[in-house]
Structure formats: structure tokens, C-alpha cells
Amino acid sequence: MKITEAEFVISAVKPHQYPEDGLPEVALAGRSNVGKSSLINKLLTRKALARTSSQPGKTQQLNYYRVNQALYLVDFPGYGYAKVSKTQRQAWGEMIENYLRSRNELKLVLLVIDARHEPSKDDCLMYDWLKHFQIPMSIVVTKADKLPRSKWDKHLKMIKESLGAGREEKVILFSSETGLGREQLWEVIMAESSDKEESV
Ligand code: GTP
Ligand code: MG
């Protein structure tokens, strides 16, 4: 995928701030610090368009990035970050839930999971929730570079089983460090965000 244009558009906290041009949207959900913002940078071949940090809790709004005038990647605040106040967590929860349930432009959610660990309780809840509301989802297992290649298969299997994903469900192994999985992920994103438009 060749990126001709990638720009940050808005950090939205309220629905009236969401873009109104009707372009398809692909959202990234996952634990705080799992690597969502880094994944966006890798997809866009930009070093630091999306702000990343070794400290969890960096992304605090719905951050919209427009790609090639064709779609938006929407970076979510991560869940499961203990130092965030209860009130703040509730506010994010509501913002994300409202977005996921009512945003017509949403075509796909990338559920980003750490390759090294068993999915957290929150990961499982998010997975179940997306399934329940029949929101199209792809599981992206990132930080693959932190695992020896010999363990990739075993970890992918463990992650799928833990989430309760079916055998046939596709999982994309990714690394924002090496670019592993980038083309494969773009293929999924393009397929999900374009097909449906035509069939409406
Ligand atoms: P929040 O905004 O807090 O939800 O975090 P996030 O999910 O956006 O994570 P972010 O992209 O900021 O990355 C967190 C840390 O993990 C940073 O120090 C990144 O450099 C590192 N990181 C992210 N992806 C990878 C990866 O694929 N490989 C390696 N080795 N490090 C990564
Ligand atoms: Mg982030």
C-alpha cells in the first residue's frame, strides 16, 4: 500500500467533532501500551504522526488520521490502564461504546493484542462485545519482534484459544518494529472498507 497522503485530522471527544465527509473508518482498540499508535505509524510509514509513549495512557481521545483521502484510521485510548481515574475511565468507556455502536462510517475494528502474553480479561471482554454487536473485527497480534520466530505459532494458537476465536478466524501477526504483517493488514483494511460501500 502506497501512502500518498497521511494527516492527523482531529482529537475528538464528542460525536459532533467526528469528521462529516463520510469516508470509511477503521478503529484500533486494545490495551494501553499494546502498540496501537505505533501500528498506525507503521501502516502510514510515518515515524511519529501518531503519538506513542513507553508510558501507558498516551492516547486520550479518538484521534483521527486521514489516509490517501480514502479512509480514516481512528486511534482509541487504551483500556486497562490502572492509573486513570474511575471517572475518566467511565467517560472513555462511554465515548468508545457510543462510537462503536452508532458510527455508521465504522467498517472495521482492529483488536490489537500483545504477542507475548495471554489476552487480558479486558481483551476478552472487548472481543466478546464486538462479536455480540456484530461489529467486523480483525485480530492483530503485535510486537512479534519481541518473540523468537519459533514461538509465533504457539502464541497465535494460545491467543485465539484464550479469546474463544474460531479456528478459521484470521489473525494477523504484526510488528511495528520490523513491518511484519503490514501488507497483509492493508489488504484486510482495504477489503473491509471498500467492498461494503459498493454493495449499499
Ligand atoms: P496507549 O496510547 O497508552 O493506549 O498505548 P498504545 O497502544 O498506543 O501504545 P504505543 O504505540 O504508544 O506503544 C507503547 C510502547 O510499545 C512504545 O514504547 C512502543 O515503542 C512500543 N512498541 C509498540 N509496538 C511495538 C512493536 O511492534 N515492537 C516493539 N518492539 N515495540 C513496540
Ligand atoms: Mg496510543
Distance in nm between pseudo-label sites at Thr87 and Ser53 (7 Å out along the Cβ direction from Cα): 2.0 nm
23 Å Cα-Cα reach of Lys47 towards lysines, excluding residues that sit fewer than 8 places from it in its own chain: Lys2, Lys36, Lys58, Lys143, Lys146
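With a ≥ b ≥ c the root eigenvalues of the C-alpha gyration tensor of the chain, is it rounded (a/c under 1.5), prolate (a/b larger than b/c) or oblate?
Numbers: a/c = 1.31, a/b = 1.16, b/c = 1.13.
It is rounded, given that a/c, with a ≥ b ≥ c, falls under 1.5.
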Separation of the Lys157 and Lys121 label points, Cα + 7 Å toward Cβ, nm: 2.8 nm
Ranking of Asp114, Asp21 by count of other Cβ atoms within 10 Å, fewest first: Asp21, Asp114
From phi via Karplus (6.51, -1.76, 1.60), per-residue ³J(HN,Hα) for region 144-150 in Hz, x at Gly/Pro: 4, 5, 7, 10, x, 3, 5
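Working out 0.36 nm times the residue gap between Thr45 and Thr4, then minus their Cα-Cα distance, what length gain in nm do you get to one decimal?
Values: separation 41, 0.36 × 41 = 14.76 nm, distance 1.01 nm.
Between Thr45 and Thr4, full extension yields 13.7 nm more.
What is the antiparallel percent of DSSP beta bridges lying wholly in the chain, to the nearest 5?
Working: 11 of 31 bridges.
Roughly 35 percent of the beta bridges in the chain run antiparallel, per DSSP.
Could you work out the relative contact order of the chain, using alpha carbon pairs under 8 angstrom and six or more residues apart, expressed as a whole percent? Write down the numbers at each step before the final one.
On the way: 331 pairs, mean separation 46.2, N = 200.
Over the chain, the number comes to 23 percent.
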Karplus (6.51, -1.76, 1.60) ³J(HN,Hα), θ = phi - 60°, over region 15-28, in Hz, Gly and Pro reported as x: x, 5, 8, 5, x, 10, 8, x, 5, x, 10, 10, 9, 10
Placed amide H near Ala12: partners under 5 Å, 5+ positions off or other chain: Leu62, Asn63, Tyr64
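At R0 = 41 Å, how high is the FRET efficiency between Asp145 and Asn98 if r is their beta carbon distance? Nearest 0.05 is fine.
Working: r = 35 Å, r/R0 = 0.85.
Plugging the Cβ-Cβ distance into 1/(1 + (r/R0)^6) gives 0.70.
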Other-chain or far-sequence residues with amide H under 5 Å of Met137's (modelled H): Val109
Amide proton proximity set for Arg31, modelled H, under 5 Å, gap of 5+: Tyr79
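The numbers here are math on the coordinates, done by the rules we state, and not lab data. Owing to the predicted nature of the structure, the values given are computational and were not obtained by experimental measurement. As a convention, Cβ positions derive from the backbone with ideal geometry for all residues, glycine included, and neighbour counts pool all protein chains shown.
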